[in-house]
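Notes follow once the structure below has been shown.
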Amino acid sequence: MIKINKDLIFSNFKRPVLIAEISGNHNGNKKRFLKLIESAYANGADLVKIQTYEPDDITLNIKNKKFKISSGIWKNKYLWDLYKKACTPYDWHYDAFKVAKKFKKVLFSSPFSIRGVDFLEKFNTSIYKIASFEITDYKLIDYIASKKKPIIISTGVASLQEVSKAIRLINKYHNKVIIMHCVSNYPTKLENTNLSNIKILKKKFKKNIIGLSDHTNHIYSSLASIPLNVAVIEKHFKIDNKKTLDSDFSILPSQLKTLKNSLVSIHKSLLAKKTDNNEFNIKHRRSLFANLDIKKGERLTENNIVSLRPRIGICSSNYFKILDKTLKKNVKKGEPIFKNFINNY
């Protein structure tokens, strides 16, 4: 269990925590960025994640083919140009954390540099996220871990060995780590979500909490992960169908709200315990009654006993057990038959 505050607890024994990821859906517009955060909280997000970087935190401003994306939805974009458009400028963070405070919710981030970590520390951030592509940046991971705050780490492009190395590095400081299964295809096709990896992560990292970072453009995979007992579900979030860098693998407010309501209800049904109604319903099972007037010493036969509701006397499951046995007393038609009525029962 990892407790952030009284309302936010990551645990295998509680319903999954829902994270809305803003990413580049702001399209470089601060007003839109703040509206995304507000809408995410209003539509069920337990906490919201942003990204803390500017392009020089991630790459170099070089325009040759080694710095150009060769496939996918960002094909032919240079890394610098992509990150310049997708980044969350540092000065936007001040108002973002004000929005979180207004909603009394948690806002956190993925920093992509030491500079980013130091900046987030100014806001006393309570949790960090390490993105999939940074899972081998041991200097960054070590620095984040040194802050001794809970860490969510994505595994989209990592082998189990690489995940293990990153966890061991964090474990020098603590083990408040949430490991997220994810597929780093944008968007991820349903047939490629590979949710069975959640079971593998649970088996391999028994001391850690496991979650799902879902890059599909729907909520089906997220819903399918709930019976696998994930503790966290993260979805990229958009406020409308306007084309943005990440809109192809993001969900709308109505979908976020549906996901939240569904995960609460599904989790409740998976943990459902025996209710008081069971005892009530058992009383309405069948029991054995006299189908005719039966005299003391008379044998019980198919003709003089019958199985009917409700359960008053002997349960109907004893039907064959009492056939050919005799009664100790007279029983009138319609009366239930009890064990103490029967000889040699």
Completion exercise
Fewest-first ordering of T258, T301 by Cβ atoms within 10 Å yields T301, T258
Practice task
Select from I266, I22, I251 the residue whose mean-square fluctuation is largest in a Gaussian network model of the chain (Cα-Cα springs shorter than 10 Å).
Solution key: I266
Handout entry: Cα pair distances exceeding 20 angstrom across the range 280-341, given as percent
Key = 16
Completion exercise
Residue by residue through the range 315-325, the couplings from Karplus 6.51 cos²θ - 1.76 cosθ + 1.60 with θ = phi - 60°, in Hz, x for Gly and Pro, are 4, 4, 5, 8, 3, 6, 5, 9, 4, 6, 7
Completion exercise
So, with points 7 Å from each Cα along the Cβ direction, the S317-K339 label distance in nm works out to 1.3
Problem - Centroid-to-centroid separation of the range 194-216 and the range 100-162 [C-alpha atoms, Å] - result: 19
Handout entry: Charge dipole (the chain, unit charges on Cβ, about Cα centre) - positive-most of I144, I19, F119
Key = I19
Completion exercise
Answer check: the range 59-144, Cα atoms, Kirkwood Rh, Rg/Rh ratio of 1.03
Exercise for the section: List the longest stretch of the chain that has no exposed loop site; here a site is one of the GluC sites (Glu not before Pro) assigned by DSSP to anything other than H, G, I, E or B, with at most 16 other Cβ within 10 Å. Expected result: 1-297
Completion exercise
Sorting L288, N340, N303 by the position of each Cα along the dipole of the range 280-341 (Lys, Arg +1; Asp, Glu -1; all at Cβ), the one nearest the positive end of that ordering is N340
Exercise for the section: State whether the range 203-345 is rounded, prolate or oblate according to the following rule on the C-alpha gyration tensor (a ≥ b ≥ c being the square roots of its eigenvalues): a/c under 1.5 gives rounded; otherwise a/b larger than b/c gives prolate, and the remaining case gives oblate. Expected result: prolate
Fill in the blank from the handout: If each K or R counts +1 and each D or E counts -1, the residues other than G297 whose Cβ falls under 15 Å of its Cβ total +3
Practice task
Just list whichever of K6/K207; K35/K102; K49/K129; K14/K129; K235/K257; K85/K243 have alpha carbons separated by over 18 Å in the model shown.
Solution key: K6/K207; K14/K129
Completion exercise
Residue-normalised 222 nm signal for the chain, counting each DSSP H run of n ≥ 4 as -39,500 (n - 2.57), nearest 500 deg cm²/dmol, is -8500 deg cm²/dmol
Fill in the blank from the handout: Highest GNM mean-square fluctuation among I58, I135, I19, for the chain with Cα springs under 10 Å, belongs to I58
Exercise for the section: Go ahead and set up a Gaussian network model of the chain, Cα springs under 10 Å, then flag whichever of V177, V306, V232 fluctuates most. Expected result: V306
Practice task
Could you state, as a whole-number percent, how many of the C-alpha pairs of the chain are farther apart than 34 Å?
Solution key: 40
Handout entry: Approximate spin-label separation K172-Y138, in nm, with each point projected 7 Å along Cα-to-Cβ
Key = 0.8
Exercise for the section: With +1 on each Lys and Arg Cβ and -1 on each Asp and Glu Cβ, and nothing else charged, work out how big the dipole of the range 280-341 is about its Cα centre, in Debye to the nearest 20. Expected result: 240
Completion exercise
Once phi for every residue in the range 170-183 is put through the Karplus expression 6.51 cos²θ - 1.76 cosθ + 1.60 (θ = phi - 60°), the whole-Hz ³J(HN,Hα) values, with Gly and Pro written as x, are 5, 5, 4, 10, 5, 10, 8, 10, 10, 9, 9, 6, 7, 10
Problem - Distant-in-sequence amide H partners of H181 (H built 1.01 Å from N, under 5 Å) - result: G211, L212, S213
Practice task
Just grab the label-to-label distance for S262 and S307, each label 7 Å out from Cα along the Cβ direction, in nm (one decimal).
Solution key: 4.1
Handout entry: Calculated from backbone phi, Karplus (6.51, -1.76, 1.60) coupling profile of the range 252-258 in Hz, x at Gly/Pro
Key = 8, x, 5, 6, 4, 5, 4
Exercise for the section: Please list, or write none, the aspartates and glutamates whose alpha carbon is within less than 18 Å of the alpha carbon of K329, excluding same-chain residues fewer than 8 places away. Expected result: D293, E298
Practice task
Note down the relative contact order for the chain as a percent, whole number, built from C-alpha pairs under 8 angstrom at least six residues apart.
Solution key: 15
Practice task
For D91 and K35, calculate 0.36 nm times their separation in residues minus their Cα-Cα distance, and state this gained length in nm to one decimal.
Solution key: 18.5 nm
Handout entry: Under 5 Å, built H, 5+ apart or other chain: amide partners of E335
Key = A290
Practice task
State to the nearest 20 debye the size of the charge dipole of the chain about its Cα centre, where the only charges are +1 on K and R beta carbons and -1 on D and E beta carbons.
Solution key: 1120
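Here, each number is a calculation from the coordinates, and none is a lab measurement. Everything quoted here is computed from the prediction, not taken from an experiment. Cβ coordinates were reconstructed from backbone atoms using ideal geometry, including for glycine residues, and neighbour counts include every protein chain displayed.
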